[in-house]
Amino acid sequence: MVVKNTAVVILGASGDLAQRKLIPALSALYDAGEIDDTIRIIGSGRTELTDEEFREKFNLTGGFRNLLSYHTGMEGLRSYIESAGAFEHIVFFLALPPKVYADTAASLYEEGFRKNVTLIIEKPFGYDYQSAQELNRRLNEYFDESQIFRIDHYLAKEAVQNILVFRFANSIFYPIWNANYIESIQINAFEQIGVEDRGAYFDGAGMIRDMVQNHLMQMICLLTMEAPVSLDAEDIRTQKMSVLKALEVEECYRAQYEGYRDEPGIASDSQTETYAEMKLKINNFRWNGMPIYLRAGKALHRKGTEIGFKFRRLPKLLFNRDGSVEPNTIIFQIQPSEGIVVDLSSKIPGNESRITRTNMKFCYSDSFSGEIPEAYQKLLLDALKGNRTLFVSAEEAEISWRKMEKVLDKGELTMYPRGRMPVSRFQIDWIDFDRFCPVCP
């Protein structure tokens, strides 16, 4: 279904997000025929720009360029939009600092925007449990929950969406997807870079708020939830909520890379973590007793977000009498390249029954032609169509914050050298992710 007669209003359109992500994503949707010439893309911000000056900020050609226009400030915005066309639907993307979300919602309401309106907001959805509650309360003063779309762009990554397909569309995996067969789930979210130009924001947040509470918690839900009744947004959300309610953080360790306090925008005595390592558990029948380990950090030895399922060891029988056969693993690589590895044991050719480790790889780039859509393309298109499946509800955000409360800004802060992994505080047999990742070139 092609999206028609819709105004997409980007509040904060002179900023970096619009230039890097939003306008390119909308342009790609137009080129793909997902939106047509009845759409209008209206930028709005405090900077005074003409329509042509606004268009010149983006490297655009063709018909899409003519769909862009600009309005300065909030005052008179409704009249401006009405003069641009008779739109059935208006979508506001708040490309603004999170602290002004509630006030912006109030301003839109006072300007006369009520029905047939959608608000899209970026994470973070609050700073902690109390602030998330307050933000949701204030947003709901002006707009219904059905009108509010909270973006977690990780949910729109193709490799993340494929998790549910892998689990529920392949009968060979579904029966073993539980604590009886899986020893542990291990998740990495590694960055080689430091905070760079995000110092002022990051120092007020830290790795747990910036990465764990949202992206990684959402991935855990998809990895461990029960099969939904259908693929409707509400049915999927029901199962995700069940996981969040059963989840508990057992241990958490924080660290900071050496030289962090010398970065621009960072306090000289900062106690903000740039690395976090956690052990979690899910108190339900499927996952009881199985740990989930998370590692997320900046200025590490490599970049990569990956999920590993480590299966239980074989009994000491047959080929494993000496206990030397390694347990099977399945690895989902989310970025930088999308792929899946199933690690297996196989016989080495020859007369003797010698066992070695082999693997089967699935690479998106090898299996599918064409460019993999960027996450914002999927999210914006879903929001334009009113599909809430990949968006976070108010209750999800609040419960996720509540689960993190006891570890936010808590505990000892150790130091680690830039470019190296901190020594793990968990005495476990970590999956050798470096051996497999990147999964695909």
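Quick notes on this structure:
- Some residue of region 403-413 being more than 19 Å from the chain's Cα centre (by Cα), small (Gly, Ala, Ser) and not in a helix (DSSP H, G or I): yes
- Tabulated pairs, region 332-358, first in a loop (DSSP other than H, G, I, E, B), second basic (Lys, Arg) and surrounded by 14 or more Cβ atoms within 10 Å (Cβ to Cβ), C-beta under 8 angstrom, 6+ apart or interchain: 336/303; 338/157
- Residue 272 in a helix (DSSP H, G or I), more than 27 Å from residue 337 (Cα to Cα) and β-branched (Val, Ile, Thr): no
- Any pair with Cβ under 8 angstrom, 6 or more apart, that starts in region 313-327 at a residue that is touching a residue at least 24 places away in the same chain (Cβ under 8 Å) and of a type outside the set (Lys, Arg) and ends at one that is assigned to a loop (DSSP other than H, G, I, E, B) and exposed (fewer than 10 other Cβ atoms within 10 Å of the Cβ): 319/353
- Being assigned by TED's automatic domain parsing to the domain that holds residue 224, within 30 Å of residue 331 (Cβ to Cβ) and touching a Phe, Trp or Tyr at 6+ places or on another chain (Cβ under 7 Å) is a property that does not hold for residue 150.
- Meets criteria (assigned to a helix (DSSP H, G or I) and not β-branched (Val, Ile, Thr)) for residue 395: yes
- Residue count, region 152-185 (criterion: part of a helix (DSSP H, G or I) and either of a type outside the set (Val, Ile, Thr) or touching a residue at least 12 places away in the same chain (Cβ under 8 Å) (or both)): 17
- Residue within region 161-179 that is in the same structural domain as residue 11 (by TED's automatic domain parsing), surrounded by fewer than 17 Cβ atoms within 10 Å (Cβ to Cβ) and either touching an Asp or Glu at 6+ places or on another chain (Cβ under 8 Å) or among the aliphatic types (A, V, I, L, M) (or both) present: no
- Hey, residue 306 farther than 18 Å from residue 188 by Cβ, of a type in the set (Asp, Glu) and either surrounded by 14 or more Cβ atoms within 10 Å (Cβ to Cβ) or at pLDDT 85 or above (or both) or not: no
- Residue ID - surrounded by the most Cβ atoms within 10 Å (Cβ to Cβ), chosen from residues in region 222-239 that are without any contact (Cβ under 8 Å) to a residue 24 or more places away in the chain and closer than 19 Å to residue 177 by Cβ: 225
- A single entry from 365, 400, 424 fulfils the requirement of being polar (S, T, N, Q), out of contact with any Leu (no Cβ under 8 Å at 6 or more places or on another chain), in a helix (DSSP H, G or I) and within 30 Å of residue 194 (Cβ to Cβ): 365.
- Which numbered condition residue 218 fails, given (1) modelled with pLDDT under 95; (2) in contact with a helix residue (DSSP H, G or I) (Cβ under 8 Å, 6 or more places away or on another chain); (3) more than 28 Å from residue 416 (Cβ to Cβ): (3)
- Restricting region 246-277 to residues that are within 20 Å of residue 190 (Cα to Cα) and among the small types (Gly, Ala, Ser), the residue that is surrounded by the most Cβ atoms within 10 Å (Cβ to Cβ): 276
The values are calculated or read from the model by the stated rules, or taken from the named source; none is laboratory data. Note that this is a predicted model, so its numbers are computed, not measured. Backbone-built Cβ (ideal geometry, glycine too); neighbour counts: all protein chains shown.
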